[in-house]
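Inspection log for the structure reproduced underneath, given as structure tokens.
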Amino acid sequence: ATRSRPVDILAGRQWLSEPQGLAMELLAAHVMPNSPVIETLLTEASALLKERTGSPAIQGYQAGEERVDQIVGAVFDALRARQIRYANPPASWSEIGQKVRTPEEVLDGRVGTCLDTTVTFAAALEQAGIHPLIWVVHGHSFLGWWRDELMTLDAIATSDASPMVNLIDLGLIGVIETTMVADGRTETAAEARRAAQAAAHKVEEVMAVIDL
């Protein structure tokens, strides 16, 4: 007996936004925490933590929620110090997705879209031992993270916005606007968090929140 079925093979940097459920799960493949440039970024964030808190430790959840937020803020400022420029996605052959830049292209090439900066930021948090969440809405994306190590979604991705916004209000999820690291923006991490919180409350429907 034989059986055959068509299979779509994507290029290494290609991401398609359809079919929606599978596409959102596959977006996680573009988060590369083991990239060498991520280690360098965390070294820079560690230096900022030492300057601000007296401790350079990037220890994930070991020191509680406040320390988790401090690590996220330090990574935000380390990213902003790279002077990344916002740019459209690289030329692509598909109208239902885009090419996603690697951490090297974002951090060394200093260029990226909202999705590029989000997956790069997510990679840094994952390497730091913090569980990131990627929020994808129509035409935009931003980053979230679990503030409690034991929290997780029931599935890899969800399109139900209301309970996710509720978790933000309860202080269990933090969110941050990653585009504020680009184009010489001067907003602080706290301001970027408030911007993302406001955006999350305005979202009527998310394409997905992806739990990494």
Can you give me the number of residues within the range 1-30 that are open to solvent by 70 Å² or more (accessible area, probe 1.4 Å) and in contact with a helix residue (DSSP H, G or I) (Cβ under 7 Å, 6 or more places away or on another chain)? 0
Return the residues of the range 141-176 that are under 26 Å from ASN88 (Cα atoms) and open to solvent by less than 20 Å² (accessible area, probe 1.4 Å); say none if nothing qualifies. SER141, PHE142, LEU143, GLY144, TRP145, VAL175, ILE176
When ARG80 is evaluated against the numbered criteria (1) modelled with pLDDT of 95 or more; (2) in contact with a helix residue (DSSP H, G or I) (Cβ under 6 Å, 6 or more places away or on another chain); (3) within 27 Å of ALA23 (Cβ to Cβ), which criterion, by number, is the only one it fails? (3)
Between residues in the range 167-179 that are touching a residue at least 40 places away in the same chain (Cβ under 8 Å) and residues that are of a type in the set (Val, Ile, Thr), which pairs lie under 7 Å by C-beta distance while being six or more apart or on different chains? GLY174/VAL72; VAL175/ILE168; ILE176/VAL72; THR178/THR117; THR178/THR118; THR179/THR117
Confirm whether GLU66 is touching a helix residue (DSSP H, G or I) at 6+ places or on another chain (Cβ under 7 Å) and part of a helix (DSSP H, G or I). no
Test of understanding: among PRO56, PRO33, which residue is assigned to a loop (DSSP other than H, G, I, E, B) and open to solvent by less than 30 Å² (accessible area, probe 1.4 Å)? PRO33
How many residues are farther than 22 Å from ASP8 by Cα, in contact with a His (Cβ under 9 Å, 6 or more places away or on another chain) and of a type in the set (A, V, I, L, M) if we restrict to the range 96-121? 2
ASP69 vs. criteria more than 19 Å from LEU107 (Cα to Cα), of a type in the set (D, E, K, R), modelled with pLDDT of 90 or more and within 18 Å of the chain's Cα centre (by Cα): yes
Positions within the range 1-41 being hydrophobic (A, V, I, L, M, F, W, C) and touching a Gly at 6+ places or on another chain (Cβ under 8 Å), in sequence order: TRP15, LEU16, ALA23
Pair list, Cβ under 9 Å, 6 or more apart: the range 132-152 residue at positive phi, other residue surrounded by 15 or more Cβ atoms within 10 Å (Cβ to Cβ): GLY139/CYS114
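The values are calculated or read from the model by the stated rules, or taken from the named source; none is laboratory data. Computed from a predicted model, the values in this text were never measured in an experiment. Here Cβ is always computed from backbone atoms with ideal geometry, including for glycine, and neighbour counts include all displayed protein chains. Ligands, DNA and RNA are stripped out before the accessible areas are found, and what is left, the full protein with its side chains, is counted by its heavy atoms. Shrake-Rupley method; radii C 1.70, N 1.55, O 1.52, S 1.80 Å.
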